[in-house]
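Beneath this line is the structure, given in structure tokens, with notes to follow.
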Amino acid sequence: MRPAPTALWLRLAWALALSLGLVRPLAVAWATTPAPIYVGSWAVRVTQGYREVERLARKFGFVNLGQIFPEGQYFHLRHRGVAQQSLTPHWGHRLRLKKDPKVQWFEQQTLQRRFKRSFAEPRDPWFSKQWYMNNKVQPDLNILQVWSQGLTGQGVVVSILDDGIEKDHPDLWANYDPLASYDFNDYDPDPQPRYTPSDENRHGTRCAGEVAAIANNHFCGAGVAFNARIGGVRMLDGTITDVVEARSLSLQPQHIHIYSASWGPEDDGRTVDGPGILTREAFRLGVTKGRGGLGTLFVWASGNGGLHYDNCNCDGYTNSIHTLSVGSTTRQGRVPWYSEACASTLTTTYSSGVVTDPQIVTTDLHHQCTDRHTGTSASAPLAAGMIALALEANPFLTWRDMQHLVVRASRPAQLQAEDWRINGVGRQVSHHYGYGLLDAGLLVDMARTWLPTQPQKKCAILVVHVPTPILPRMHVKKEVSACAGHHNYIRSLEHVQVQLSLSYSRRGDLEISLTSPMGTRSTLVAIRPLDVSRQGYNNWIFMSTHFWDENPRGLWTLGLENKGYYFNTGMLYRYTLLLYGTAEDMMERPSDPQVTSSACVQRDTEGLCQAECDGPAYILGHLCLPHCPPRYFNSTQQAVTAGPALRVCDRCHASCYTCRGSSAHDCTTCPPPRTLDEHQGSCSGTPSLVATSSPWPPPAPAVASQTTATSALLPRPGSLEHQVQPPEFANKG
């Protein structure tokens, strides 16, 4: 059954994605456009009847398909030599029919756009229990609105990184994708979970059902993206190493679009831990090379350490700029008891709170269903499913595009918290919920017309490099130009990181905050009563999303405050402010669509553009585009047959993000972490695998390590504001 119509550029974008191998074939719908689409058939009125119509058909090369009415003078003719679909009528046949005296009337047929006026909800028996997407709460996640547009995740591949998935489950088998699956615990292609009396390995199967449980099969409920392909990586049911994590996050990066993970370091309120060298490299390679260079989407659960006053900014997975961190709220819009508040959370979906609260419906082990899935483990897969719907609407979204869209598609709604604040660009943001409850309908609507985000810029400012005693309450202020006058100048912020090396007598008593020039105060880590460690932070990177789209120029203030034992002491050794963003003013950007439908001269049977574009448009695959996307450049190509040269999009060299030609010396911008040599027109600066170790901070204090950077990659002590290559690797210590 053909899905309901979507915007015309959806099917154009689908064609390009298919030609690049980024997605599987999508169900493409007709679009609402003012221009008629002509097909290769005619209705004619001939008073002399059947014999005269046969003569007419032989004369002009038509095929007579018979009378339109049982008795009458109207006939249906088709011409095999005419394009199946075109934006212009066939003038030659129009003139011939007009000149024939036996033809009383004729009309070349056009496509008629007709829509069903109802959307049938899934008929699965447990769909009525899926309160978070069946309109039983207001607002819900607004999934039904997206389904009514015919978007169900088709062509998008999601992989669940967990303890395996039951691939033969009745609600999963039809969507199961073996190419998106592997067992890195036993090193074989089968991700089937290991069964135990306690069913401890049910986690991955439950997460998978939230994303892609089959709809309308009269079993269990429906997944958010119930036509998406779903895979599973078994990697948590055995020895977990940096290699296992890295290989899991690197599985089939040109095939898998979204990786969903609901795990991390222990949520005990005292651990400070993050990914190792290889896993950080997997993240970097994923966002720079995955999905044909658009970037893999890593969706991560924010953590369940709320009972222990844990903070997800002490988790190096959720506070990575490469992951999209998802928090939880209850049906009543309250903060769940397990939820961790932190500045790196970007958005929120539903889960449960106390034991009497309704929970999440999904698939379970032994071919069963459950309505008892909970925690942020349940929230992240819901977000992954909604992101799959947005990718179906626009397969060309980069990993940063998606984060921009999630910020804009999240709403405070009815979510209750004492810390809601309005940031410098007027958005409400909370440490509990990020930017609020994610709205799938809004996410998809904005995804359709989103213009590609300009290349990521990074500006690093070394603020403190001389050992400084930490006072009971102190502020470290720094006036920042955001690298103005340099190629890495930032006008609109995305992520902001604070990299700290410090010692403290009781780490959990130290509250750290950051205030932007526009007055937004973000708590990087609140007090953690159970963290009694005498270690501090060694090059630990805190991250905040609360300054999104703000202008970074001005005075930044780092706050350090003792919130515990009066006699606590410490020393601040090094503080670097890391700004990420773009040179574009994101609050002033236009909302025009990035593709055009009016330039296509001829279409195939699916309504996709063929071979030639009209006006100033460029051909890429079967698309007519007003400009070429990143990694392509505007070019001309001589047509095979006589005629004017064709405007086409040719590929840039693999090292370029945007370019003016195919050579490695034709780059105009570079993908991170490379930098542009403006004189040579080339991109350089690929990081080495292991950074050189540094003697900083001094060896005396024993400190916890995030293993994300070494001070060798930071600016020289005399350089207070300088571009730095992303600090990808460091030795653990």
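Using label points projected 7 Å from each Cα along Cα→Cβ, tell me how many nm separate Asp268 and Ile68, to one decimal.
7.9 nm
Go ahead and collect, in residue order, the members of the range 514-546 whose backbone nitrogen is under 13 Å from a label point 7 Å along the Cα-Cβ direction of Tyr566.
The answer is none.
Students often forget the sequence filter, so: which lysines lie under 27 Å Cα-Cα from Lys478 once same-chain residues fewer than 8 apart are removed?
Partners within reach: Lys457, Lys458, Lys563.
Give me the Å³ per residue figure for the convex hull around the C-alpha atoms of the range 37-110. Working shown, then result.
On the way: hull volume 5.6 nm³, N = 74.
Expressed per residue, the convex hull around the Cα atoms of the range 37-110 is 76 Å³.
Could you tell me the calculated FRET efficiency between Ser655 and Gln252, based on Cβ-Cβ distance and R0 = 30 angstrom, to the nearest 0.05?
0.80
Report the calculated FRET efficiency for Val466 and Thr675 (r = Cβ-Cβ distance, R0 = 30 Å), to the nearest 0.05.
Working: r = 28 Å, r/R0 = 0.95.
Step by step, r from the Cβ atoms, then E = 0.60.
Share of Cα-Cα pairs in the range 451-577 beyond 22 Å, in percent? Don't skip to the end; give the middle numbers.
Numbers: 2909 of 8001 pairs.
Pairs farther apart than 22 Å: 36 percent.
At a 10 Å Cβ-Cβ cut-off, how would you order Trp173, Trp450, fewest neighbours first?
Least to most surrounded, the residues fall as Trp173, Trp450.
Normalized C-alpha radius of gyration of the range 137-448, against 2.2 N^0.38 Å?
Details: Rg = 17.5 Å, N = 312, 2.2 N^0.38 = 19.5 Å.
Ratio of Cα Rg to 2.2 N^0.38 Å: 0.90.
Which residues' amide hydrogens lie under 5 Å from the amide hydrogen of Val525, considering only partners 5 or more residues apart or on another chain, with H built in the peptide plane?
Those lying under 5 Å, H to H, from Val525 are Ile512.
Mind checking which lysines have their Cα closer than 20 Å to the Cα of Lys98? Skip sequence neighbours fewer than 8 apart in that chain.
Partners found: Lys59.
Over the Cα atoms, compute the radius of gyration (one decimal) and Dmax (the largest Cα-Cα distance, rounded to a whole number) for the range 192-294, in Å.
15.8, 46
Please enumerate, by chain and number, the aspartates and glutamates with C-alpha under 17 Å from the C-alpha of Lys129, excluding those fewer than 8 residues away in the same chain.
Glu121, Asp140, Asp171, Glu210, Asp357, Asp364, Asp371
Computed from the coordinates by the stated procedures, all read-outs in this text should not be read as laboratory data. In this text the structure is predicted, and so the values were computed from the model without any measurement. Because the Cβ atoms are built from the backbone with ideal geometry, glycine has one as well, and the counts that use them run over all protein chains shown.
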